[in-house]
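Visitor: Below is a structure I'd like to ask you about.
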Amino acid sequence: MAQVSFSPPFTTPADVASQLRSSGFAVLSPAAVAEWVGCELSALLALNSDWAALPPDEFLKDGGRYRRRRHACFVLQDGQMQQVPHRAHWQPVEYNALHGGMERWFAPMEPATVALPVWRQILAALASVSDAVFAVPQAPVPWFVEAHQFRIDTTDGIGRPTPEGAHRDGVDLVAVFLVGREGVKGGETRVFEAAGPSGQRFTLTEPWSLLLLDDARMIHESTPIQPLAAGGYRDTLVVTCRRDSFQGADVVGLAPSGA
């Protein structure tokens, strides 16, 4: 059976906030992402090599070997970015039935990546749209930001971008940047209303295209990928913004000794 692929419903940088308010999600093309972030597209593409050396995810409970990742946490307020000491990623089982309720100590992002001006620009753009869509007017709040670099490969014949299935993340804003994909089929993005019947499906194929989600309103997933050529993979950058605190702030602490 031929694989059907639907084009993303791209919006413009000027309409990102209004699109998030009206539909619960927004999708930007790579050129629009660069304009929205305030950088050249080449600056975003220069980050791509960082995904080639991601270490394995040691916490996959389905027994797979298809996921590699790094993780880092930040606090953003009033245009300022502060990276916090390395900490575990934690989600309750209500949001992640497969991996919820456990401390997952992923390898930290490379300091050289975090130090790049374009990295600050990416997080500043996400904090700005979070202010516009979720914050109380005239009362800016700190945004607790978690960043995840993912590589899903087809070493075992199939790779699962969202092994937990369709889900919410327990945050305010979810940003999914497609960093790149090579030698694979599948990886369709699906977004659904959490409290309604509507949904859309489309496939992100262009490096540095972006899906933004109002996490309270939308459920999302990406379908498995399969190889079209040896060494196939799909790279993403997932960044979440949350008010009040990091998820699990009362459960996890700083990196254990030796991390």
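Visitor: Would you list the strands (runs of 3 or more DSSP E) that sit entirely within region 121-192 and hold 3 or more residues that are out of contact with any strand residue (DSSP E or B) (no Cβ under 9 Å at 6 or more places or on another chain), of a type in the set (A, V, I, L, M, F, W, C) and closer than 16 Å to Val239 by Cβ?
Guide: Those strands (runs of 3 or more DSSP E) do not exist here; none qualify.
Visitor: State which residue pairs qualify: first residue of a type in the set (Phe, Trp, Tyr) and inside region 104-125, second residue surrounded by 15 or more Cβ atoms within 10 Å (Cβ to Cβ) and modelled with pLDDT of 95 or more in any location, beta carbons under 7 Å apart, and separation of 6 or more residues or different chains.
Guide: Phe106/Arg69; Phe106/Arg70; Phe106/His71; Trp119/Thr113
Visitor: From the list Ala175, Ala229, pick out the single residue that is of a type outside the set (D, E, K, R) and either modelled with pLDDT of 95 or more or touching an Asp or Glu at 6+ places or on another chain (Cβ under 6 Å) (or both).
Guide: Working: Ala229 fails: either modelled with pLDDT of 95 or more or touching an Asp or Glu at 6+ places or on another chain (Cβ under 6 Å) (or both).
Going through Ala175, Ala229 in turn, the sole match is Ala175.
Visitor: Filtering region 1-41 down to residues that are among the β-branched types (Val, Ile, Thr) and in a loop (DSSP other than H, G, I, E, B), which residue is farthest from Ala125 (Cα to Cα)?
Guide: Per the stated criteria, the residue is Val4.
Visitor: May I ask you to list pairs of residues, at least six apart or on different chains, whose Cβ atoms are under 7 Å apart, with the first in region 73-92 being farther than 13 Å from Ala249 by Cα and free of Cβ contacts under 8 Å to residues at least 12 places away in the same chain and the second being surrounded by 14 or more Cβ atoms within 10 Å (Cβ to Cβ) and hydrophobic (A, V, I, L, M, F, W, C)?
Guide: From residues that are farther than 13 Å from Ala249 by Cα and free of Cβ contacts under 8 Å to residues at least 12 places away in the same chain, the pairs are Gln82/Phe74; Gln82/Val75.
Visitor: Now for a different question. Quick check on Leu44: is it crowded, with 16+ Cβ neighbours inside 10 Å and outside any helix (DSSP H, G or I)?
Guide: It is false that Leu44 is crowded, with 16+ Cβ neighbours inside 10 Å and outside any helix (DSSP H, G or I).
Visitor: Something else about it: Name the single residue, out of those in region 170-194 being of a type in the set (A, V, I, L, M) and touching a Pro at 6+ places or on another chain (Cβ under 8 Å), that is nearest to Ser23 (Cα to Cα). So that I can check it myself, show each step before the final result.
Guide: Going residue by residue through region 170-194, those that are of a type in the set (A, V, I, L, M) are 171, 173-176, 178-179, 184, 191, 194.
Cutting the leftovers down to touching a Pro at 6+ places or on another chain (Cβ under 8 Å) gives us 178-179, 184.
Details: Leu178: 21, Val179: 24, Val184: 30 Å.
Only one residue fits best here, namely Leu178.
Visitor: Just to be sure before I move on: is Phe59 in contact with a strand residue (DSSP E or B) (Cβ under 6 Å, 6 or more places away or on another chain), closer than 26 Å to Phe246 by Cα and surrounded by fewer than 17 Cβ atoms within 10 Å (Cβ to Cβ) in the structure I sent? Talk me through it step by step, then tell me what you get.
Guide: On the way: in contact with a strand residue (DSSP E or B) (Cβ under 6 Å, 6 or more places away or on another chain): yes; closer than 26 Å to Phe246 by Cα: yes; surrounded by fewer than 17 Cβ atoms within 10 Å (Cβ to Cβ): yes.
Judged against the criteria, Phe59 is a match.
Visitor: Sticking with this structure for a sec: When you go through (1) modelled with pLDDT of 95 or more; (2) closer than 24 Å to Phe246 by Cα; (3) buried (at least 21 other Cβ atoms within 10 Å of the Cβ) one by one for Leu28, which number turns out not to apply?
Guide: Unmet condition: (2).
Visitor: Turning to a different aspect of this structure: Identify, please: which residue in region 193-216 is of a type in the set (Gly, Ala, Ser) and assigned to a strand (DSSP E or B) and is, among those, modelled with the highest pLDDT?
Guide: Taking region 193-216 first, the residues of a type in the set (Gly, Ala, Ser) are 194-196, 198-199, 209, 216.
Filter once more, so that each one left must be assigned to a strand (DSSP E or B): 199, 209.
Details: Gly199: 93, Ser209: 98.
Out of the qualifying residues, it is Ser209.
Visitor: Please pick out the residue among Val33, Val37 that is farther than 21 Å from Met109 by Cα and either of a type outside the set (Lys, Arg) or in contact with an Asp or Glu (Cβ under 8 Å, 6 or more places away or on another chain) (or both). Lay out the reasoning, then the answer.
Guide: On the way: Val37 fails: farther than 21 Å from Met109 by Cα.
The unique qualifying residue is Val33.
The values are calculated or read from the model by the stated rules, or taken from the named source; none is laboratory data. Since the structure is predicted, the reported quantities are computational estimates derived from the model, not experimental observations. Neighbour counts are summed over all protein chains in view; Cβ atoms, including those assigned to glycine, are modelled from backbone coordinates with ideal geometry.
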